[in-house]
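J.: Take a look at the following structure, please.
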Amino acid sequence: MNDFAILLAFLGAYLFVILVILVICYVLTSLAHMKALKALGYDKAWMAWIPFAQQYALADVVAGNQDSVTLFGTFSVPVMLYKFWWGLLFICPFIPVVGTLASMALTIIFLGNCYVKIYARLDGTSEQEQQVIGYLSGFLVIIAVIKFLAGKYNAK
């Protein structure tokens, strides 16, 4: 019985540490995205604190008042699909065999494209110069978090 109590204590401590790490990651991610949204002059930067609203806000700030948004410089996507791309992530798990790959591809394409356009605006460069880092950020969001937190961006 004593060994079981020790095991439960270690498990509880482990879960507490994991919870603390997750909360820190969530706060840093939200702060970084809020800073970038404010620097772009987005009036609803608080949306960075709500998980799927964060993706909507990123797409909304990129899309602006346009009718469509270009992906990879050639494909045109309607703004409503571009803003609500994350809704497709709820459908993908029901697709047999390729559902996981489809959701990963959607995330890299749409979120990465948002980052490409945001990096280009914040850094004052062309989108072609930001392609690699942008799409890589769609796969590893930690890149965007570090870039946004380390950047010297002024709120508009």
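The values are calculated or read from the model by the stated rules, or taken from the named source; none is laboratory data. From a predicted model like this one, the values you see are computed outputs, not experimental measurements. Every residue, glycine among them, receives a Cβ derived from its backbone with ideal geometry; neighbour counts consider all protein chains shown.
J.: Which one is surrounded by the most Cβ atoms within 10 Å (Cβ to Cβ), of the residues in region 122-156 that are free of Cβ contacts under 8 Å to residues at least 40 places away in the same chain and in contact with a Leu (Cβ under 8 Å, 6 or more places away or on another chain)?
T.: So the residue we want is SER137.
J.: Looking at VAL27, is it surrounded by fewer than 17 Cβ atoms within 10 Å (Cβ to Cβ), assigned to a helix (DSSP H, G or I) and either in contact (Cβ under 8 Å) with a residue 24 or more places away in the chain or out of contact with any strand residue (DSSP E or B) (no Cβ under 8 Å at 6 or more places or on another chain) (or both)?
T.: Numbers: surrounded by fewer than 17 Cβ atoms within 10 Å (Cβ to Cβ): yes; assigned to a helix (DSSP H, G or I): yes; either in contact (Cβ under 8 Å) with a residue 24 or more places away in the chain or out of contact with any strand residue (DSSP E or B) (no Cβ under 8 Å at 6 or more places or on another chain) (or both): yes.
Considered against the rule, which asks whether it is surrounded by fewer than 17 Cβ atoms within 10 Å (Cβ to Cβ), assigned to a helix (DSSP H, G or I) and either in contact (Cβ under 8 Å) with a residue 24 or more places away in the chain or out of contact with any strand residue (DSSP E or B) (no Cβ under 8 Å at 6 or more places or on another chain) (or both), VAL27 comes out as yes.
J.: Scan region 52-97 for residues that are of a type outside the set (Ser, Thr, Tyr), assigned to a helix (DSSP H, G or I) and under 21 Å from TYR119 (Cα atoms) and report the count.
T.: 15
J.: Same structure again: For the list (1) over 23 Å from ILE24 (Cα atoms); (2) assigned to a helix (DSSP H, G or I), I need the number of the one condition that PHE148 fails.
T.: Going through (1) over 23 Å from ILE24 (Cα atoms); (2) assigned to a helix (DSSP H, G or I) one by one, PHE148 breaks only (1).
J.: Then there's this: How many residues, within region 77-109, are in contact with a strand residue (DSSP E or B) (Cβ under 8 Å, 6 or more places away or on another chain), surrounded by 14 or more Cβ atoms within 10 Å (Cβ to Cβ) and not hydroxyl-bearing (Ser, Thr, Tyr)?
T.: So the count comes out to 3.
J.: Just to be sure I understand, how many residues within region 98-109 are hydroxyl-bearing (Ser, Thr, Tyr) and either under 22 Å from HIS33 (Cα atoms) or assigned to a strand (DSSP E or B) (or both)?
T.: Adding up the residues that qualify gives 2.
J.: Only one of TYR119, TYR135 is closer than 18 Å to GLY41 by Cβ and touching a Gly at 6+ places or on another chain (Cβ under 7 Å); which?
T.: TYR119
J.: OK, next. Residue by residue through region 47-76, note down the ones that are of a type outside the set (Phe, Trp, Tyr) and buried (at least 17 other Cβ atoms within 10 Å of the Cβ).
T.: Once the filter is applied, which keeps residues that are of a type outside the set (Phe, Trp, Tyr) and buried (at least 17 other Cβ atoms within 10 Å of the Cβ), region 47-76 yields MET47, ALA48, GLN54, GLN55, ALA57, LEU58, ALA59, ASP60, VAL61, VAL62, ALA63, VAL69.
Yes or no, residue by residue, for (1) at pLDDT below 95; (2) more than 17 Å from TYR115 (Cβ to Cβ); (3) touching a helix residue (DSSP H, G or I) at 6+ places or on another chain (Cβ under 9 Å):
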| position | (1), (2), (3) |
| --- | --- |
| ASP3 | yes, yes, no |
| LEU8 | yes, yes, no |
| ILE18 | no, yes, no |
| ILE24 | no, yes, no |
| ALA36 | yes, no, yes |
| LEU40 | yes, no, yes |
| ALA45 | yes, no, yes |
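J.: Right, something else. Which one of these is of a type in the set (A, V, I, L, M, F, W, C) and in contact with a Cys (Cβ under 9 Å, 6 or more places away or on another chain): LEU40, LEU58, LEU31?
T.: LEU58
J.: Regarding region 111-121, can at least one residue be identified that is closer than 18 Å to PHE52 by Cβ, free of Cβ contacts under 8 Å to residues at least 12 places away in the same chain, surrounded by 13 or more Cβ atoms within 10 Å (Cβ to Cβ) and aliphatic (A, V, I, L, M)?
T.: First, pick out the residues of region 111-121 that are closer than 18 Å to PHE52 by Cβ: 111-115, 118.
The next check asks that each one be free of Cβ contacts under 8 Å to residues at least 12 places away in the same chain; those that pass are none.
No: region 111-121 contains no residue that is closer than 18 Å to PHE52 by Cβ, free of Cβ contacts under 8 Å to residues at least 12 places away in the same chain, surrounded by 13 or more Cβ atoms within 10 Å (Cβ to Cβ) and aliphatic (A, V, I, L, M).
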